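A.B. asks: One structure, as structure tokens, below. Some questions next.
The values are calculated or read from the model by the stated rules, or taken from the named source; none is laboratory data. On a predicted model such as this, the values are computed, not experimentally measured, just so you know. All Cβ positions, glycine included, derive from the backbone under ideal geometry; neighbour counts span all protein chains shown.
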Amino acid sequence: MFRSAWEWYLQRVTGGLLIVLLAAHFWVEHFMTAQLRSGNLTYEAILARISNPAWQAIDIAFLIIALYHGLNGLRNIILDYGRLERRGVAVLNIALVLVGAVWAWWGIMAFSRL
Amino acid sequence: MELNITLRVSRHPARNGKAFDEFQVKLEEKMSVLDALFRVQREQDSSLGFRCSCRVGMCGTCAVYVNRIPRLACSTLVKSLESDVVTIEPLPHYPIVKDVAVSLEPFFEQWRRAKPAFRPRNPDSAELARIPKDSKYRLLTPTKRDCITCGACFAACSIVGMNDHYLGPAAINKAFLRILDPRDAAREERVKILDRSLDGVWRCHTQFNCTAACPRNIDVTDSIVRIKRALLWPGRLLKP
Amino acid sequence: MSFEHLDADILIFGAGGAGLLAAMHAHVEDPRLKIVVVVKGLLGQCGCTRMVQGGYNAVLNSADSLEKHFHDTLKGGAYLNDQELAWTLVEDAPRRIIELENQLGCLFDRNDDGTIHQKPFAGQSFDRTVHKGDLTGIEIMTNLRDYVLEEDIQVLEETRGLDLLTRDGRVVGALVLNIRSGQFIMVRSRATLIATGGGAAMYKISSPSLEKSGDGMAMAWRAGADFVDMEMVQFHPTGLLVGNSIATGGLLEEGLRGAGARLFNGRGERFMSRYDPERMERATRDVISRSSYLEIMAGRGTEHGGVKIDASHLGEEFLLKNFPGMVERCATYGFDLLHEPVEVSPSAHYQMGGIKIDVDCHSNLEGLFAAGEDAGGVHGANRLGGNGVADSIVYGARAGDSMVRYLEGARSEEPSEAQVRDLAEVWLRSLKFDRGENAFALREQLDNLMWEKVGIVRNQQGLHAALDELSRLGEQTRLVKVSGDPAFNLEWNAAINLANLNIVAEMVAHSALYRRESRGAHYRSDLPQSDPQWLKKILITSDGNGGMKLVTEPIEFTRVTPPELLHARVGEREGS
């Protein structure tokens, strides 16, 4: 597969995953928790869930998928407008990778403070 | 019954401070938009600037905006527009030469970047290549090779409108034809050009404007989508 | 007055099949040469190669032979052809088809087994017309244009030749006009090719692209070139009749008749049975056009003064598969080729005559070459369908090769600035008049005059009258007034077209009056028979004062003796 084709493909795959993950996220955060339903939401209940390694894996994947989709989407919009030359695109790529990396690191580090 | 239509023609540079001139033209049954322009030129205003050559839809030089849709002036009957006022403007996305005649230079700049010329595998062969009946080139390209480079798709494409780098529909269709051609030797190079993120096929939003605008009814979007698919699964299209 | 200056090794006027093949061949032969192509419209999108529908005749099948193609060509041309030119056409045609495919990337239609498909055309003893559907010209010109775009060949678009520059009988360059900017360009060139196409557009109903106006022929004439066969103008039998539309005269291709389409007059009679019962609708173009014209003149035409072509019995499926372009073209103007007869008329199509050349495209002027429709002699008195684009491609290529060979010994000479200034002054005159004649009106007069008096059927009285009219039109043309400035001034260009067409028209009329017989496309109602005595060329040369001098020139029957001469000889022997 070719490079830009990969980028395009991943955008579609992450888009598809985001539909599932967002729905799940929304459901879990707002409806699923037993305490929530009983009107008795506590810090401990939330902590218990986000300390679960399986939940952590899902959240980290969610983060990375959302970051790729969002940042690549931003890049697509910028490229569509065609204001950048080749060098500009290279700078943009680096900038977006950096933003993504810092953001992902920041998100992942949040779990380490638990 | 005698029917007149109003021809609103865009003027560039503006004449007497007006960006449009209006002419009354007697409507005739088989009158094309090009006929109407000729009528004005001969009877009312000889300074009108427009372009045509073959006048039967083969040369692709008379494309103009007719009521905001890119069309070949020679192949559009005025009657079919079902409008008392026919507005003729130059195609968008091109520099204007005079009135409704544009320079197709931006179109051909992209066309050139798509490497349109054939790169023969067997330039010295004294035989005509055998192209089997089930060859993809034979099956998929006959109508697509009828592109007359009129520039209508380039005018209709919204991505072209905002992105000066984008190769545009016709140039991609051209590259598609060469890529499919079993006699062409530059497939790798062509594919790489089309995969470029800045100006290649991935900028296309599949809006079908090019297909809708093509006066030769070429499904240009189909060519672009096939290229995208081929870039994703090279085996499907690019196997000789 | 200011000029741009440009230097070229090879200067080519015209960018149809002939012009671009010449550019390609010269460039391949010697890539260091500076080649400049001057094209009146957009590159690859003007001229008549682009408009080719039917196709290209070439011998590619072992059951066919060069001899057959050659004989068909001579027979079609009523043996007036220059036999060496015709033989060269036939011999080179297959090579050039292979070049168009294997080097330029054209793909012509194939049979189911993958081999080349060749379709039937009129006047051929074998189905040998190579084609891409029914819009072959697009395939050829697109690929040629793509080649030129990527090579180091300079193309001046929307630029036209005005006059050749000469020095001691040698062509040393040209005065050229950039239509867009209105700027004159003085081009110095070592070899110059005329490949702009002819002047068939000077007839009321005609098929060529609109910008064609015999520019090349007129320029060559003014520079002192010799012309042959100028009385021979081909009328294509099936030009569409679309009311007052400019589309009138646009063609329905010959392959339709080849496939079995029939012609009917206004009364519904299949009139070809009266004129050529054996070949019927597959008779050559001259015969069918004349037959249709005679029907129309006899009052048996259709409502709009034409005849009808009916292809409906061939079936929807067959027509859509083989003639989609023709079906679509008819549909554009509201005609239904699939199910109904469509009104057509003979349409002025092609000039068999032109600049006199040899097989290497040399004209009589040093440094000047001609190829394609501008050159005369290949097709004799009538051209076969499918031989036209073959001629352009074959002789274009030969001109390219020939010019490169010529350049080995040719020096470059500086054109005279004074000559350029004088010539430009003449062309600028119409822009300076306060009042004068209208170019569009005069053009209409010319088109009508040629159609009525120098058209499909001619006679002495009409031709005399036409020559008088033409000289009057010539006078009036000099008094044309054009408004506006020189940049992209279509009226000014119409005036220049008119001046050039007048010259070509005069050559045709003079030559038609001179040939006292009927032969091929040239039909004299006062002299309706062919006369073996007239198996000779009419040569037009300059009389030294800008006038035309007509002389006959024998044809060398180097390969085949015409049957009528054989019969005549037998007759002589029997009589003695």
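A.B. asks: With the requirement that a residue be at the interface with chain C (Cβ under 7 Å from one of its Cβ atoms), out of contact with any Lys or Arg (no Cβ under 7 Å at 6 or more places or on another chain) and of a type in the set (Gly, Ala, Ser), what does segment B:29-60 give you?
C.D. replies: Of everything in segment B:29-60, those that are at the interface with chain C (Cβ under 7 Å from one of its Cβ atoms), out of contact with any Lys or Arg (no Cβ under 7 Å at 6 or more places or on another chain) and of a type in the set (Gly, Ala, Ser) turn out to be B:32, B:46, B:47, B:53, B:60.
A.B. asks: Go through B:145, B:190, B:203, B:183 for me and flag whichever is within 8 Å of another protein chain (Cβ to nearest Cβ), over 20 Å from residue C:140 (Cβ atoms) and crowded, with 19+ Cβ neighbours inside 10 Å.
C.D. replies: Details: B:145 fails: over 20 Å from residue C:140 (Cβ atoms); B:190 fails: within 8 Å of another protein chain (Cβ to nearest Cβ); B:183 fails: over 20 Å from residue C:140 (Cβ atoms).
Exactly one residue qualifies, and that residue is B:203.
A.B. asks: Please tell me if residue C:117 is touching a strand residue (DSSP E or B) at 6+ places or on another chain (Cβ under 8 Å) and within 14 Å of chain B (Cβ to nearest Cβ). Quick ask: steps written out before the conclusion?
C.D. replies: Details: touching a strand residue (DSSP E or B) at 6+ places or on another chain (Cβ under 8 Å): yes; within 14 Å of chain B (Cβ to nearest Cβ): yes.
So residue C:117 passes the test.
A.B. asks: Please find, within segment C:218-264, the residue that is nearest to the other protein chains (Cβ to nearest Cβ) out of those that are closer than 16 Å to residue C:340 by Cβ and in a loop (DSSP other than H, G, I, E, B). I'd like the intermediate steps shown before the answer.
C.D. replies: Keep residues of segment C:218-264 that are closer than 16 Å to residue C:340 by Cβ, which gives C:238, C:240-242, C:252, C:256, C:261-264.
Narrowing further to those that are in a loop (DSSP other than H, G, I, E, B): C:241-242, C:252, C:261.
Working: C:241: 9, C:242: 5, C:252: 10, C:261: 18 Å.
Among those that are closer than 16 Å to residue C:340 by Cβ and in a loop (DSSP other than H, G, I, E, B), it is C:242.
A.B. asks: To continue, here is another question. Which numbered condition trips up residue C:15, out of (1) assigned to a helix (DSSP H, G or I); (2) under 30 Å from residue C:134 (Cα atoms)?
C.D. replies: The failed condition is (1).
A.B. asks: Please find, among C:529, C:533, the residue that is over 25 Å from the mean Cα position of the chain (by Cα) and assigned to a loop (DSSP other than H, G, I, E, B). Steps first, answer last, please.
C.D. replies: On the way: C:533 fails: assigned to a loop (DSSP other than H, G, I, E, B).
Criteria check complete, one pass: C:529.
A.B. asks: What do you reckon, is residue C:144 among the hydrophobic types (A, V, I, L, M, F, W, C), under 23 Å from residue B:120 (Cα atoms) and at the interface with chain B (Cβ under 8 Å from one of its Cβ atoms)? Break it down stepwise before answering.
C.D. replies: Working: among the hydrophobic types (A, V, I, L, M, F, W, C): yes; under 23 Å from residue B:120 (Cα atoms): yes; at the interface with chain B (Cβ under 8 Å from one of its Cβ atoms): no.
Against the criterion (among the hydrophobic types (A, V, I, L, M, F, W, C), under 23 Å from residue B:120 (Cα atoms) and at the interface with chain B (Cβ under 8 Å from one of its Cβ atoms)), residue C:144 does not qualify.
A.B. asks: Being more than 11 Å from chain A (Cβ to nearest Cβ), surrounded by 24 or more Cβ atoms within 10 Å (Cβ to Cβ) and more than 18 Å from residue A:81 (Cβ to Cβ) is the requirement here; does residue B:210 meet it?
C.D. replies: For residue B:210, the condition - more than 11 Å from chain A (Cβ to nearest Cβ), surrounded by 24 or more Cβ atoms within 10 Å (Cβ to Cβ) and more than 18 Å from residue A:81 (Cβ to Cβ) - is met.
A.B. asks: Continuing with the same structure: Mind telling me which of the residues B:56, B:64 ends up being outside the structural domain of residue B:153 (by TED's automatic domain parsing), surrounded by 22 or more Cβ atoms within 10 Å (Cβ to Cβ), in a strand (DSSP E or B) and not aromatic (Phe, Trp, Tyr)?
C.D. replies: B:64
A.B. asks: Now a separate question. Test of understanding: among B:64, B:25, which residue is closer than 21 Å to residue C:157 by Cβ, aliphatic (A, V, I, L, M) and away from every other protein chain (no Cβ under 11 Å)?
C.D. replies: Every option except B:64 fails the conditions.
A.B. asks: I would also like to ask the following. Pick from B:88, B:69, B:96, B:5: which is β-branched (Val, Ile, Thr), under 19 Å from residue C:487 (Cα atoms) and more than 10 Å from chain C (Cβ to nearest Cβ)?
C.D. replies: On the way: B:88 fails: under 19 Å from residue C:487 (Cα atoms); B:69 fails: under 19 Å from residue C:487 (Cα atoms); B:5 fails: under 19 Å from residue C:487 (Cα atoms).
Result: B:96 is the single residue among B:88, B:69, B:96, B:5 that is β-branched (Val, Ile, Thr), under 19 Å from residue C:487 (Cα atoms) and more than 10 Å from chain C (Cβ to nearest Cβ).
A.B. asks: So, in segment C:329-346, of the ones that are away from chain B (no Cβ under 13 Å) and not in a strand (DSSP E or B), which residue ends up surrounded by the most Cβ atoms within 10 Å (Cβ to Cβ)?
C.D. replies: So, considering only residues that are away from chain B (no Cβ under 13 Å) and not in a strand (DSSP E or B), the one surrounded by the most Cβ atoms within 10 Å (Cβ to Cβ) is C:337.
A.B. asks: Continuing with the same structure: Which residues, taken from segment A:58-89, are surrounded by fewer than 17 Cβ atoms within 10 Å (Cβ to Cβ), of a type in the set (Gly, Ala, Ser) and within 10 Å of another protein chain (Cβ to nearest Cβ)?
C.D. replies: A:88
A.B. asks: Could you tell me whether residue C:326 is surrounded by 14 or more Cβ atoms within 10 Å (Cβ to Cβ), on the phi > 0 side of the Ramachandran plot and not assigned by TED's automatic domain parsing to the domain that holds residue C:529? Break it down stepwise before answering.
C.D. replies: Values: surrounded by 14 or more Cβ atoms within 10 Å (Cβ to Cβ): yes; on the phi > 0 side of the Ramachandran plot: no; not assigned by TED's automatic domain parsing to the domain that holds residue C:529: yes.
No: the conditions fail for residue C:326.
A.B. asks: OK, next. Would you pick out the residues in segment C:107-141 that are outside any loop (DSSP other than H, G, I, E, B), in contact (Cβ under 8 Å) with a residue 24 or more places away in the chain and surrounded by fewer than 24 Cβ atoms within 10 Å (Cβ to Cβ)?
C.D. replies: Matches in segment C:107-141: C:116, C:119.
A.B. asks: Out of all the residues in segment C:284-323, which are in a loop (DSSP other than H, G, I, E, B) and surrounded by fewer than 19 Cβ atoms within 10 Å (Cβ to Cβ)? Show your work before the answer.
C.D. replies: Step one: filter segment C:284-323 for residues in a loop (DSSP other than H, G, I, E, B), giving C:284, C:301-306, C:311, C:315, C:323.
Passing the criteria: C:303, C:304, C:305, C:315.
A.B. asks: In segment B:105-122, which residues are more than 17 Å from residue B:158 (Cα to Cα) and either without any contact (Cβ under 8 Å) to a residue 60 or more places away in the chain or more than 8 Å from every other protein chain (Cβ to nearest Cβ) (or both)?
C.D. replies: Matches in segment B:105-122: B:105, B:108, B:109, B:112, B:113, B:114, B:117, B:119, B:121.
A.B. asks: So which residues in segment A:99-114 are outside any helix (DSSP H, G or I) and surrounded by 12 or more Cβ atoms within 10 Å (Cβ to Cβ), if there are any at all?
C.D. replies: Here is the first cut: in segment A:99-114, the ones outside any helix (DSSP H, G or I) are A:113-114.
Listed by number, the list is empty, since nothing qualifies.
A.B. asks: How many residues does segment C:80-106 contain that are in a helix (DSSP H, G or I), within 7 Å of chain B (Cβ to nearest Cβ) and surrounded by 21 or more Cβ atoms within 10 Å (Cβ to Cβ)? Quick ask: steps written out before the conclusion?
C.D. replies: Kept after step one, since they are in a helix (DSSP H, G or I), are these residues of segment C:80-106: C:83-102.
Narrowing the set further to residues that are within 7 Å of chain B (Cβ to nearest Cβ) leaves C:98, C:101-102.
Checking the rest, the ones that are also surrounded by 21 or more Cβ atoms within 10 Å (Cβ to Cβ) come to C:101-102.
Adding up the residues that qualify gives 2.
A.B. asks: Tell me, which helices (runs of 4 or more DSSP H) lie completely within segment A:1-98 with 3 or more residues that are closer than 25 Å to residue B:191 by Cα and without any contact (Cβ under 8 Å) to a residue 60 or more places away in the chain? So that I can check it myself, show each step before the final result.
C.D. replies: Working: elements: A:3-27, A:34-38, A:43-51, A:53-81.
Where helices (runs of 4 or more DSSP H) fall fully within segment A:1-98 and carry at least 3 residues being closer than 25 Å to residue B:191 by Cα and without any contact (Cβ under 8 Å) to a residue 60 or more places away in the chain, they are A:3-27, A:53-81.
A.B. asks: Hey, another quick one. Please tell me if residue C:74 is within 17 Å of the chain's Cα centre (by Cα), outside any loop (DSSP other than H, G, I, E, B), outside the structural domain of residue C:489 (by TED's automatic domain parsing) and not aromatic (Phe, Trp, Tyr). Reasoning before the result, please.
C.D. replies: Values: within 17 Å of the chain's Cα centre (by Cα): no; outside any loop (DSSP other than H, G, I, E, B): yes; outside the structural domain of residue C:489 (by TED's automatic domain parsing): yes; not aromatic (Phe, Trp, Tyr): yes.
No; evaluated as a whole, the condition is false for this residue.
A.B. asks: Follow-up. Out of everything in segment C:326-344 that is of a type outside the set (A, V, I, L, M, F, W, C) and in contact with a helix residue (DSSP H, G or I) (Cβ under 8 Å, 6 or more places away or on another chain), what residue ends up being nearest to residue B:77 (Cα to Cα)? Steps first, answer last, please.
C.D. replies: Taking segment C:326-344 and keeping what is of a type outside the set (A, V, I, L, M, F, W, C), we get C:328-329, C:332-334, C:336, C:339-341, C:343.
Now restrict to residues that are in contact with a helix residue (DSSP H, G or I) (Cβ under 8 Å, 6 or more places away or on another chain): C:332, C:336, C:339-341.
On the way: C:332: 8, C:336: 16, C:339: 21, C:340: 20, C:341: 21 Å.
The selected residue is C:332.
A.B. asks: Output the residue which, of all residues in segment B:123-137 that are of a type in the set (Lys, Arg) and within 7 Å of another protein chain (Cβ to nearest Cβ), is nearest to the chain's Cα centre (by Cα).
C.D. replies: Initial filter on segment B:123-137 (of a type in the set (Lys, Arg)): B:130, B:133, B:136.
Then drop every residue that is not within 7 Å of another protein chain (Cβ to nearest Cβ), which leaves B:130, B:133.
Working: B:130: 31, B:133: 29 Å.
Here the answer is B:133.
A.B. asks: Right, another one. If you check residue C:268 against the conditions, is it under 19 Å from the mean Cα position of the chain (by Cα), part of a loop (DSSP other than H, G, I, E, B) and not hydrophobic (A, V, I, L, M, F, W, C)?
C.D. replies: On the way: under 19 Å from the mean Cα position of the chain (by Cα): no; part of a loop (DSSP other than H, G, I, E, B): yes; not hydrophobic (A, V, I, L, M, F, W, C): yes.
Here the answer is no, as residue C:268 does not meet what is asked.
A.B. asks: Another question about this same structure. For segment B:184-222, how many residues meet the condition of being of a type outside the set (A, V, I, L, M) and out of contact with any Ser or Thr (no Cβ under 9 Å at 6 or more places or on another chain)? Working first, answer last.
C.D. replies: From segment B:184-222, those of a type outside the set (A, V, I, L, M) are B:184, B:187-190, B:192, B:195-197, B:199-200, B:202-211, B:214-217, B:219, B:221-222; that's our starting set.
Next, only the ones that are out of contact with any Ser or Thr (no Cβ under 9 Å at 6 or more places or on another chain) stay: B:184, B:187-190, B:192, B:199, B:214.
Qualifying residue count for the region: 8.
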